[in-house]
1. Give the number of residues within region 139-179 that are part of a loop (DSSP other than H, G, I, E, B) and closer than 17 Å to residue 73 by Cα.
2. Any chance region 41-62 includes a residue that's in contact with a helix residue (DSSP H, G or I) (Cβ under 7 Å, 6 or more places away or on another chain), free of Cβ contacts under 8 Å to residues at least 60 places away in the same chain and assigned to a loop (DSSP other than H, G, I, E, B)?
3. With the checklist (1) touching a strand residue (DSSP E or B) at 6+ places or on another chain (Cβ under 6 Å); (2) under 27 Å from residue 37 (Cα atoms); (3) at pLDDT below 95 in hand, flag the one item residue 155 doesn't pass.
4. If a residue must be in a loop (DSSP other than H, G, I, E, B) and free of Cβ contacts under 8 Å to residues at least 12 places away in the same chain, how many such residues does region 108-133 contain?
5. Go through (1) exposed (fewer than 13 other Cβ atoms within 10 Å of the Cβ); (2) in contact (Cβ under 8 Å) with a residue 12 or more places away in the chain; (3) part of a loop (DSSP other than H, G, I, E, B) and name the single condition residue 136 misses.
6. Would you pick out the residues in region 1-48 that are more than 17 Å from the chain's Cα centre (by Cα) and closer than 13 Å to residue 184 by Cβ?
7. Please determine, by comparing only the residues of region 187-203 that are more than 21 Å from residue 146 (Cα to Cα) and surrounded by 15 or more Cβ atoms within 10 Å (Cβ to Cβ), which one is modelled with the lowest pLDDT.
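The values are calculated or read from the model by the stated rules, or taken from the named source; none is laboratory data. Just so it is clear, the structure is predicted and the values come from calculations on it, not from any experiment. Cβ coordinates were reconstructed from backbone atoms using ideal geometry, including for glycine residues, and neighbour counts include every protein chain displayed.
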């Protein structure tokens, strides 16, 4: 089974980004940073999601992110599927913070249960087939709208969403050009998927790492 050890974000200022992510989310080795000035405009075609246990934890993480400089795209609120909100980090990365629970059962913490990388794709069938061929078994599938893969315990999870639908979920225009400014660090080799998302091996992502 393919696992995802890390996600490397390409940012203009790695020191500033490191300060933000340390203050906002306290993420460890699963999030890496590297300096890049690759041209990019608008929606970069992906989001990162932090899955937590209860609404109070959603609020704690979103408040910490906004205090550290993030912009609110969607305030935290109840939805059909639970409770969540969306912020844009100063480096431009869009983060969803969500819980499947609608009720609190304990005091708020900033504990993160899962990190999920959602890739916005143009052709769901093609992208699904591509990733299955590279050792990612399907864990959940909802027709042509959403596919989630099994990536093993402790791994960053991977899911596919139609690009326009993902942009709508986070409250931005689906239009965008240039670099995605992201590299996925996995154990299935180096490749680029049908939508232009780059993958690299653990040793390659370590070489890229600046944070």
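1. Matching residues across region 139-179 total 5.
2. no
3. (2)
4. Selection size over region 108-133: 1.
5. Unmet condition: (1).
6. Hit for region 1-48 is 2, nothing else.
7. 188
Conditions (1) modelled with pLDDT of 95 or more; (2) within 13 Å of the chain's Cα centre (by Cα); (3) within 17 Å of residue 12 (Cβ to Cβ), marked per residue:
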{"site": "50", "(1), (2), (3)": "yes, yes, no"}
{"site": "65", "(1), (2), (3)": "yes, no, no"}
{"site": "75", "(1), (2), (3)": "yes, no, no"}
{"site": "81", "(1), (2), (3)": "no, no, no"}
{"site": "92", "(1), (2), (3)": "yes, yes, yes"}
